[in-house]
Amino acid sequence: MAKPLYNIAEPERTTASAGNKIVHAFGALADLGAEVANRGNFQDTIRTSLHLLLGSLGIMRGGVARYSPYDGEIVFSAVRGLGDEFPLSIPLARDDERLMLECGTAALEVLDARDLPIISRFGWILEAKSIEIIVPLVVHGELLGMLVVGEKASGSAYTTHDKDVICAMGRHIGVAISQRNLLTELERRADENQKLYERMRTTYNDTVKAFAAAIDSKDKYTEGHSTRVGKYTEIIARELGWPEHEIEGASVAGYLHDVGKLTVDRRIINAPYKIDAKESKELNRHPSVGYDILHPIHHPYADVPLAAKYHHERLDGRGYPDGLRDREIPYIAKIVNLADSFDAMTTDRPYKRRRPVQDVIEDLQKNSGTQFAPEITSALLRGLLRETTGETKDRRFRRLLGREYMEAEALPELLSSALNKIGSTRSIVITA
Ligand SMILES: [Fe+2]
Ligand SMILES: [Fe+2]
């Protein structure tokens, strides 16, 4: 540039009145610092900052604008005394941005700053409002906005001291804008991350359901078994008061509990006869195979592989593959075990019609403490009872079991009685 955009005047002599002005300016700066540190409403912060600045120097009018590089314009966030006709947004050329960055946060006199494209194009608007000084708000080499101030109420010219105060206050306002931009960016990224997480979660859950459908497609007699076990597991976890993300994880464990069956011969799974010992051994490999399939995957809910491995264990140690007892069995595996057995009892199998609901309830109650964990059986029956009595408007069991089951005679009484009996049942004592 041929000439500097602003004039640097000679330092003034400090007089008593200049001393008062300094004290006053420091006071205003302190107030402005407190305002900028305030985490309240950003718009109020900018408005108050402008008023503090104008008030401390006795300036009639002015405004604070934020720069949006994306839109290529400055937009006024706060104005005072500029009238309704003053434009609230003004396009800013790239050259304006470059030149203002070169100047930094300095007080530019409008009359001396005609090198700026914005002044050559819109100077008349500023002059019409007697805007005398503009201050680019630059923080860490970034143009964040612009401060404009009109003439002083006293009619006197701006001194170097006045300009220093305006620049100091401009830096404070720039910091406030910078903080706000940072916060907005953080919020945007957090929002983006949340959306990304939701998409990944949906993809994971959809994949789990697709796997469950693939597992179930191998077994023509138990169509939908894995899906139902996933849903029963979810209901039980909810009844047990688990937090939402663990309920979702538990349902995944239910959906995938039989994933090991994908490697079992289809003829064994669909055998229209009672399978022999060799075939049974082959089928009983599925929990361990399931664990091997699921273990290398990073699941949001870490116990998913354990549910696959131990869902055929029993509290009394008569289950498989490891014959674990009570507390040795992972809790999620106990839930899936009950959901699995409940579905087996309540659906038709090749050689067995599904059992009447009265039998199922009696079976669950009888085997609580030996096969099933009593508090888990109670959770399942409690959920069933709450739906039967209309305490909950959910129709989860009705959708899974059908009307016939849910409207069985004296079902609420049966469930209450079973719950009372299970309440007094304790898990077996391990003596081995
Ligand atoms: Fe299984
Ligand atoms: Fe199963």
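The values are calculated or read from the model by the stated rules, or taken from the named source; none is laboratory data. Keep in mind it's a predicted model, so treat the numbers as computed, not measured. Glycine gets a Cβ as well: all are built from the backbone with ideal geometry, and neighbour counts include every protein chain shown.
The residues of segment 223-242 that are surrounded by 20 or more Cβ atoms within 10 Å (Cβ to Cβ) and within 15 Å of ligand 1 (Cβ to nearest atom), listed by number, are HIS225, SER226, ARG228, VAL229, GLY230, TYR232, THR233. The single condition among (1) crowded, with 17+ Cβ neighbours inside 10 Å; (2) without any contact (Cβ under 8 Å) to a residue 12 or more places away in the chain that GLY145 does not satisfy is (2). Beta carbons closer than 6 Å, at least 6 apart along the sequence or on distinct chains, pair a first residue in segment 104-124 that is without any contact (Cβ under 8 Å) to a residue 60 or more places away in the chain with a second that is part of a helix (DSSP H, G or I) for VAL110/LEU126; ARG114/SER120; PRO117/ASP95; PRO117/ASP96; ILE118/ASP96. Counting only residues that are among the basic types (Lys, Arg) and surrounded by 23 or more Cβ atoms within 10 Å (Cβ to Cβ), segment 322-340 holds 1 of them.
For residues in segment 307-322 being over 39 Å from the mean Cα position of the chain (by Cα) and farther than 13 Å from GLN371 by Cβ, which is nearest to ligand 2 (Cβ to nearest atom)? Spell out the reasoning first.
Residues of segment 307-322 that are over 39 Å from the mean Cα position of the chain (by Cα), as a first pass: 316-322.
With the extra rule that they be farther than 13 Å from GLN371 by Cβ, the set shrinks to 321-322.
Details: PRO321: 14, ASP322: 17 Å.
Top of the filtered list is PRO321.
Here is the figure for segment 246-267: residues that are buried (at least 16 other Cβ atoms within 10 Å of the Cβ) and farther than 19 Å from TYR310 by Cβ total 2.
Residue by residue, here is whether (1) closer than 21 Å to PHE42 by Cα; (2) part of a helix (DSSP H, G or I) holds:
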| site | (1), (2) |
| --- | --- |
| PHE86 | no, no |
| LEU126 | no, yes |
| LEU143 | yes, no |
| TYR158 | no, no |
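From the list GLU109, GLU73, which one is among the acidic types (Asp, Glu) and within 22 Å of HIS140 (Cα to Cα)? Every option except GLU73 fails the conditions. Could you list all residues from segment 88-124 that are part of a strand (DSSP E or B) and of a type in the set (D, E, K, R)? GLU109, the sole residue that qualifies. When residues in segment 294-321 are screened for being crowded, with 18+ Cβ neighbours inside 10 Å and touching a helix residue (DSSP H, G or I) at 6+ places or on another chain (Cβ under 7 Å), 13 of them pass. Within segment 67-90, the set of residues being touching a residue at least 24 places away in the same chain (Cβ under 8 Å) and over 21 Å from ILE173 (Cβ atoms) comprises just one member, GLY83. Number of residues in segment 61-92 that are of a type in the set (A, V, I, L, M, F, W, C) and modelled with pLDDT under 90: the value is 2.
Criterion applied to ARG61, ARG98, ARG94 was being of a type in the set (Lys, Arg) and either within 20 Å of HIS172 (Cα to Cα) or surrounded by 18 or more Cβ atoms within 10 Å (Cβ to Cβ) (or both), and the one residue passing it is ARG61.
For (1) within 13 Å of ligand 1 (Cβ to nearest atom); (2) over 21 Å from LEU338 (Cα atoms), each residue gets a yes or a no:
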residue: ASP216; (1), (2): yes, no
residue: GLU244; (1), (2): no, no
residue: LYS278; (1), (2): no, yes
residue: VAL289; (1), (2): yes, no
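Remark: pairs (first residue in segment 276-299, without any contact (Cβ under 8 Å) to a residue 24 or more places away in the chain; second residue assigned to a loop (DSSP other than H, G, I, E, B); Cβ separation under 7 Å; 6+ apart in sequence or on different chains) = GLU279/ALA271; GLU282/VAL264; GLU282/ASP265; LEU283/VAL264; LEU283/ILE275. Looking only at segment 342-350, decide whether some residue is among the polar types (S, T, N, Q), within 30 Å of ASP219 (Cα to Cα) and touching a Ser or Thr at 6+ places or on another chain (Cβ under 7 Å). For segment 342-350, residues among the polar types (S, T, N, Q), within 30 Å of ASP219 (Cα to Cα) and touching a Ser or Thr at 6+ places or on another chain (Cβ under 7 Å): present. The condition of being of a type in the set (Phe, Trp, Tyr) and either at pLDDT 95 or above or within 12 Å of ligand 1 (Cβ to nearest atom) (or both) holds for only one of TYR255, TYR273, that being TYR255. Listed by first and then second residue, the pairs linking a residue in segment 180-194 that is within 19 Å of ALA65 (Cα to Cα) to a residue that is part of a helix (DSSP H, G or I) and among the polar types (S, T, N, Q), with Cβ atoms under 9 Å apart and 6 or more places separating them unless they lie on different chains, are ARG180/THR45.
Scan segment 232-256 residue by residue and report those that are more than 13 Å from TYR331 (Cα to Cα) and in contact with a Ser or Thr (Cβ under 7 Å, 6 or more places away or on another chain). Within segment 232-256, GLU234, SER251, TYR255 qualify.
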